1. Bin width 5 Å, origin at 0, all Cα-Cα pairs of segment 88-180: what percent of pairs per bin?
2. Can you tell me the length gained on complete extension of the stretch LYS63 to ASP43, counting 0.36 nm per residue apart and subtracting the Cα distance?
3. Go through 78-89, 100-111, 125-136 and give me the packing order, highest mean Cβ count within 10 Å leading.
4. What full-extension length gain, to one decimal in nm, is calculated for SER166 and LEU190 as 0.36 nm per residue of separation minus the Cα-Cα distance?
5. If R₀ is 35 angstrom, what is the calculated FRET efficiency for the pair ARG137 and GLU108, using the beta carbon separation as r and rounding to 0.05?
6. Please report the relative contact order for segment 40-191, taking Cα pairs under 8 Å with a sequence separation of at least 6, and give it as a percent rounded to a whole number.
Amino acid sequence: MNPVITLTKPKKSQKTMNKNNLSLHLLLLLLTISLPSTQSDDDLIDQICKKTPFYDLCTSTLKSNADPQNTDTKGLAGVMAGILLSNATDTLSYIRGQISETSDPQMERVLAYCAELYIPVVKYNLPQAIDALSKGRFEFASDGISDAAKQADACEKKLSGPLKLSPLSERNRLLHSLSDVAVAIVKLLLKGLIK
Ligand SMILES: *[C@@H]1O[C@H](CO)[C@@H](O)[C@H](O)[C@H]1NC(C)=O
């Protein structure tokens with residue numbers, strides 16, 4: 001009995017397997033035909049991110065914010081700086097929200113201090129840096145972008161008590177890392193290392 005079963009059963013599944021294999025091959029073929037440019041973009045992102053201090057953050061940020069108009073190093077630096085700006089903007093409004101919620105004067109003072117630090121970053125430093133980047137003024141862009149990390153650090157230093165392990169602290173650290181990554185990419189442009 002057993003041999004018969006094992007002889008007939010595989011025959012059936014073999015057929016389905018072949019069908020599946022065929023559609024899988026077709027799918028892979030279609031993918032390789034239709035996605036060549038994405039492939040090379042990913043390669044450039046990989047190559048660039050290896051030269052930054054936070055490879056994972058760099059690749060995940062650039063890949064999830066892919067902009068078909070900005071696929072060269074300068075464009076990717078711009079994408080990264082843009083994400084940094086939107087993160088800083090988001091953090092500033094988070095701080096303002098916290099200020100309106102707290103009734104602790106000490107906490108309010110610290111939050112107001114941090115808001116004062118983030119305001120120029122959001123209003124001037126980063127927008128000007130992004131503009132400079134698009135004009136090829138990489139040194140100026142690098143300075144403006146690194147200001148974001150400096151202000152995030154200055155805010156972080158003031159945090160104590162419950163604020164020390166708060167979402168704000170988390171945001172300060174992410175902003176610092178995003179700023180470091182963006183600066184590292186701009187430095188590649190400055191050195192002309194990766195076109
Ligand atoms: C901040 O940056 C992180 C990391 O790339 C990203 O996932 C998140 O969406 C950004 N937040 C905003 C508001 O841009």
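1. 3, 15, 25, 23, 14, 9, 6, 3, 1, 0
2. In short, 6.1 nm is gained.
3. Answer by packing, highest mean first, reads 78-89, 125-136, 100-111.
4. 5.0 nm
5. 0.35
6. 30
Values quoted throughout were computed directly from the atomic coordinates according to the rules given, and no laboratory measurement underlies them. These figures come from a predicted structure and were not determined experimentally. Cβ: placed from backbone, ideal geometry, glycine included. Neighbour counts: every protein chain shown.
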